[in-house]
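Participant: Pasting in a structure now, in structure tokens, and then I'll have a few things to ask.
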2 protein chains.
Amino acid sequence: MLVRLGALQFGMFKLTSGKISPYYIDLRIVPSFPSVFKRICDLYVKLLEEEVGLDSFDRIAGIPTAGIPFASIAAFLLDKPLLYVRKEERVHGRERRIEGVVKPGDKVVVLDDLITTGKSILSAVRVLRGEGVVVEDAVVLIDRMEGGSEKLGEDGVKLHSVASILDIAETLSHSGVITDEQYKAIVRQVKGTIRS
Amino acid sequence: MLVRLGALQFGMFKLTSGKISPYYIDLRIVPSFPSVFKRICDLYVKLLEEEVGLDSFDRIAGIPTAGIPFASIAAFLLDKPLLYVRKEERVHGRERRIEGVVKPGDKVVVLDDLITTGKSILSAVRVLRGEGVVVEDAVVLIDRMEGGSEKLGEDGVKLHSVASILDIAETLSHSGVITDEQYKAIVRQVKGTIRS
């Protein structure tokens with residue numbers, strides 16, 4: 001689905017960080033395709049219901065901007081309050097990092113589109129915990145498997161992902177959408193990160 | 001509803017611009033109250049269906065960050081593609097101002113939470129038109145009536161709002177939620193803007 005939209009591409013990509021990656025994901029185009037958007041929102045809802053558990057959280061915190069459309073629909077469908085936590089470098093003027101209502105003791109699940117190293121999610125978790133909020137779970141659509149899950153674990157946050165880039169690459173390799181070489185490049189990328 | 005949440009407050013407020021206002025609106029807390037959020041999303045949907053017309057637009061463009069939760073739900077419920085247009089001063093690194101898919105000739109309706117002078121909406125309209133997109137309508141929940149509607153009109157964009165601050169103030173004054181003095185201060189604020 002994502003490959004068909006161009007949201008997931010294989011080749012050689014230079015990331016903003018300067019790093020080279022054998023694939024590229026941009027989930028920000030997903031909401032432009034209503035039927036795919038709906039299916040992906042359903043996957044988030046299922047993950048929240050079945051893996052996190054609806055009793056495990058009172059509120060959903062989305063990470064702007066890419067995480068907000070998914071977090072909005074998930075909150076809407078599950079009847080849970082939504083808030084969002086801005087990235088530190090994006091706070092202008094008198095803005096707060098947290099927009100929306102939270103109270104000390106509330107259990108909040110953080111929702112984003114992707115996780116790579118886990119830096120943005122952990123930064124949101126720290127801001128929330130600074131307000132006395134309990135954060136034990138984070139959900140994403142795709143885990144890029146570059147150490148994010150481990151980093152979150154060290155801080156007591158369990159990562160739930162709909163799929164990892166390795167799961168996706170394996171499926172695409174079996175069905176012939178990507179070549180064996182492309183698949184191996186992704187395995188190397190993931191292993192390289194875990195080792196380093 | 002908004003007064004009960006604290007999303008709409010009356011008193012003397014210094015806005016970020018330095019201007020003094022007899023009221024304060026922060027719709028960013030609305031998605032934290034699921035039942036109010038749902039009712040407000042229904043109002044947007046009704047406005048898009050009945051005043052704009054579902055055949056008048058192919059896509060919905062939300063304005064980050066406050067407009068995105070409302071735009072996401074409206075797009076989801078109406079089965080329309082969603083995109084968003086970042087404010088100019090908020091574009092970092094390699095980011096584009098438009099996130100999501102648009103093609104020349106597409107008809108796009110711009111959706112935000114509020115309109116004051118119309119500056120943010122018009123800036124989004126210009127970026128979209130720069131891509132060959134047709135923009136003839138914009139929708140907001142509340143029109144602060146500080147010249148935004150007129151500014152949009154000059155650029156060929158029709159503003160549709162669920163309510164104006166004057167409508168709201170009138171209702172609240174009739175039902176005794178605000179004093180006569182508070183109501184008059186809002187009338188003066190709006191008239192002062194229209195005159196200047």
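Participant: How many angstrom lie between the Cα centre of the range A:149-196 and the Cα centre of the range B:1-38?
Facilitator: The range A:149-196 and the range B:1-38 have Cα centres separated by 44 Å.
Participant: What share of the DSSP beta bridges in the protein assembly as shown is antiparallel, in percent to the nearest 5?
Facilitator: Details: 14 of 52 bridges.
Close to 25 percent.
Participant: Next up: For chains A and B, what's the summed buried accessible area, probe 1.4 Å, to the nearest 100 square angstrom?
Facilitator: Buried: approximately 3300 Å² between B and A.
Participant: In nm, one decimal, shortest first: how far is the label point of A:GLU95 (7 Å from Cα along Cα to beta carbon) from the matching points in the other copies?
Facilitator: List, nearest first: 0.7 nm.
Participant: Give the Debye-formula value of log10 I(q)/I(0) at each listed q (0.28 Å⁻¹), with one equal scatterer per alpha carbon of the range B:18-92, two decimals each.
Facilitator: Relative scattering, expressed as log10 I(q)/I(0), comes to -1.27.
Participant: Hey, another quick one. With an 8 Å Cα cut-off and a minimum separation of 6 or more residues, compute the relative contact order for the range B:56-102 in percent.
Facilitator: Here the relative contact order equals 36 percent.
Participant: Determine the shielding of peptide B:64-76 by partner chains: average, over its residues, the number of Cβ atoms on other chains within 10 angstrom of each Cβ.
Facilitator: 6
Participant: Just to confirm the numbers: B:VAL134, label point 7 angstrom along the Cα-Cβ line, distances to the other copies in nm, shortest first?
Facilitator: 5.4
Participant: Right, next: Give me the inter-chain shielding for A:27-39: mean count of other chain Cβ atoms within 10 Å, whole number please.
Facilitator: The mean count of partner-chain Cβ atoms within 10 Å per residue comes to 5.
Participant: Can you return the lysines within cross-link range of B:LYS184? Criterion is Cα-Cα under 25 Å, with same-chain partners fewer than 8 residues away left out.
Facilitator: Excluding near neighbours in sequence, the set is B:LYS14, B:LYS19, B:LYS151.
Participant: I've got another one for you. Cα-based Rg of the range B:69-181 per 2.2 N^0.38 Å, rounded to two decimals?
Facilitator: Values: Rg = 16.1 Å, N = 113, 2.2 N^0.38 = 13.3 Å.
Against the compact-globule rule of thumb, the ratio is 1.21.
Participant: Compute the distance in nm between two label points, each set 7 Å from the Cα along the Cα-to-Cβ direction, one at B:GLU95 and one at B:ASP155.
Facilitator: Taking the two extended label points, one gets 1.9 nm.
Participant: Name the residue from B:LEU43, A:GLY147, A:PHE33 whose Cα lies farthest towards the positive end of the charge dipole of the protein assembly as shown, charges +1 on Cβ of Lys and Arg and -1 on Cβ of Asp and Glu.
Facilitator: Selected residue: A:GLY147.
Participant: List the distances, in nm and shortest first, from the label point of A:LYS191 to the matching label points in every other copy, placing each point 7 Å from Cα along the Cα-to-Cβ direction.
Facilitator: 7.8
Participant: Using a Förster distance of 22 Å, how high is the FRET efficiency between B:LYS184 and B:VAL3, based on the Cβ-Cβ distance and rounded to 0.05? Display every interim value, and only then the final one.
Facilitator: Values: r = 18 Å, r/R0 = 0.82.
Computed FRET efficiency for B:LYS184 and B:VAL3: 0.75.
Participant: Then there is this: Any idea how far apart B:HIS174 and A:LYS103 come out in nm if each label point goes 7 Å out from Cα toward Cβ?
Facilitator: If labels sit at B:HIS174 and A:LYS103, their model points lie 3.4 nm apart.
Participant: Picking from B:SER161, B:SER56, B:SER35, which is most flexible by a Gaussian network model of chain B using Cα springs under 10 Å?
Facilitator: Per the Cα network of chain B with a 10 Å cutoff, B:SER35 tops the list.
Participant: Averaged over its residues, how many other protein chain Cβ atoms are within 10 Å of peptide A:86-98's Cβ atoms?
Facilitator: 1
Participant: Still on this model: Please state the relative contact order of chain B as a whole percent: Cα pairs under 8 Å, 6+ residues apart?
Facilitator: 17
Participant: With Cβ to Cβ distances under 15 Å as the rule, what net charge do the other residues near B:ARG39 carry (K, R +1; D, E -1)?
Facilitator: The answer is 0.
Participant: What value, in deg cm²/dmol to 500, does the helix sum -39500 (n - 2.57) over DSSP H runs of n ≥ 4 give at 222 nm once divided by the residues of chain B?
Facilitator: Details: 7 runs with 75 residues, N = 196.
Taking each H run of at least 4 residues, the total per residue is -11500 deg cm²/dmol.
Participant: Once you charge only the Cβ atoms, +1 for Lys and Arg and -1 for Asp and Glu, what is the size of the charge dipole of the protein assembly as shown about its Cα centre, to the nearest 20 debye?
Facilitator: Taking the Cα centre of the protein assembly as shown as origin, the dipole is about 1160 debye.
Participant: Suppose we keep just the alpha-carbon trace of the range B:151-196; what are its Rg and Dmax in angstrom?
Facilitator: Gyration radius and largest Cα-Cα distance of the range B:151-196: 13.1, 39 Å.
Participant: Here is a further query. Assigning unit charges at the beta carbon (Lys, Arg +1; Asp, Glu -1) and nothing else, what dipole magnitude in debye, to the nearest 20, does the range B:2-190 show about its Cα centre?
Facilitator: In debye, rounded to 20, the range B:2-190 gives about 680.
Participant: Can you tell me what share of the DSSP beta bridges in the range A:13-164 is antiparallel? A percent to the nearest 5 is fine.
Facilitator: Given both bridge residues lie in the range A:13-164, the antiparallel proportion sits at roughly 15 percent.
Participant: Once the cut-off is 21 Å, how many percent of the Cα-Cα pairs in the range B:2-190 end up in the long-distance tail? Present the calculation step by step, with values, prior to reporting the outcome.
Facilitator: Working: 9025 of 17766 pairs.
Of all Cα-Cα pairs in the range B:2-190, 51 percent lie more than 21 Å apart.
Participant: What do you get for the angle between helix A:34-47 and the principal long axis of chain A? Use alpha-carbon atoms, 0 to 90 degrees, nearest ten.
Facilitator: For helix A:34-47, the angle is close to 70 degrees.
Participant: In Å, what Kirkwood hydrodynamic radius results for the protein assembly as shown from the alpha-carbon pair distances? Kindly include the intermediate steps, with their values, before the conclusion.
Facilitator: Numbers: mean 1/r = 0.0451 Å⁻¹.
For the protein assembly as shown, inverting the mean 1/r across all distinct Cα pairs yields 22.2 Å.
Participant: With 13 Å as the cut-off, how large is the P(r) tail for the range A:103-149, expressed as percent of Cα-Cα pairs?
Facilitator: 53
The values are calculated or read from the model by the stated rules, or taken from the named source; none is laboratory data. Every value quoted in this text rests on a predicted model; they were computed, and no experiment measured them. Ideal geometry is used to build each Cβ from the backbone, glycine not excepted, and the neighbour counts take in all protein chains shown. Protein only, heavy atoms only, side chains kept; ligands, DNA and RNA dropped before computing areas. Shrake-Rupley method; radii C 1.70, N 1.55, O 1.52, S 1.80 Å.
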